[in-house]
Each structure stands twice: as C-alpha cells, then as structure tokens.
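Asks: Mind looking over this structure? Questions follow.
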Amino acid sequence: VHSHEAAEKFLKVALLHVGLGPDQLGKSKYRHDLNQLVVGLAGRQSKYSYLRKPAKELHNLLDSMNARYSSLKRPMKDAAEAFRLARHCCSFVAQQIYLDKQRGVPDIAFQIGSFYIDSAGRQYRFC
C-alpha cells in the first residue's frame, strides 16, 4: 500500500510539473489509478510513457483501494516487488524533473550545436 501511495504522489507531482492544475488531481480520473496518472502524463509529455508498464504492474498488486483502509496480509515477495516498482516510478519522475530544471524547459528540446549536461554532470554536444 505504501509503495502504491509513494508512486501515486510522485506521479501527481509530475502532473503538476507538466501543467495540470492542482484542482484536477483529486478528480476521479486522477484519484488513485496509477494507470490513468501515467496516461495523463504521457499525453502531455511522451517521455512518461516509459512508466506505463511499471505503473500497471504496481497498480495490479493492489487489489482495490480498500487496502489503504484495512489490514491485508501480503507475501514478502509482493512487498519487495511493489517497493521495486514504486522506486522505479519515483526515481524516474524525480530525474525527469531534475533534468527539466537543468535544461530550463519542461521537456526535451535539444537544439543542434548546443551543449547539454546529463544527470551525472557529463557534458554532451547535440549534433
């Protein structure tokens, strides 16, 4: 449950980052469905379509949102997989927001002849 919530929060932050209004996040489409959150993100910036598979797998590990409000026993294997999938989603979102900030634009906007720095601080020239 906590892994699902973490991924959901990061995906919602990404939606805010790409221009979705805060008042739209609590609405049914973007409420707790990781799949819908990724669809909304990918519709605004295609790089987020990379999260479709891990978000779907993580969402499928949680039978229903009722699990947030009750105590359900889960095998350790499912817990470890949920943590891995959530970490994947959260780290991808965090890295994309960081890179957007470094580039100064919200999405990939490479220009021929310009230099770019990756998240490890290496500099590249886009030819």
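Just so you know, all these numbers are worked out from the coordinates, no wet-lab data involved. Treat the numbers as computed from the prediction; the structure is a model and nothing was measured.
Asks: Short version: ³J(HN,Hα) in whole Hz for each residue of the range 5-20, in order, from phi by Karplus 6.51 cos²θ - 1.76 cosθ + 1.60 (θ = phi - 60°), x for Gly and Pro, what are they?
Replies: Each residue's phi maps through the Karplus curve to give 4, 4, 4, 4, 5, 5, 5, 5, 4, 4, 4, 5, 4, 8, x, 6 Hz.
Asks: Provide Rg and Dmax in Å for the range 3-67, with only Cα atoms included in the calculation.
Replies: Rg then Dmax for the range 3-67, in Å: 11.0, 31.
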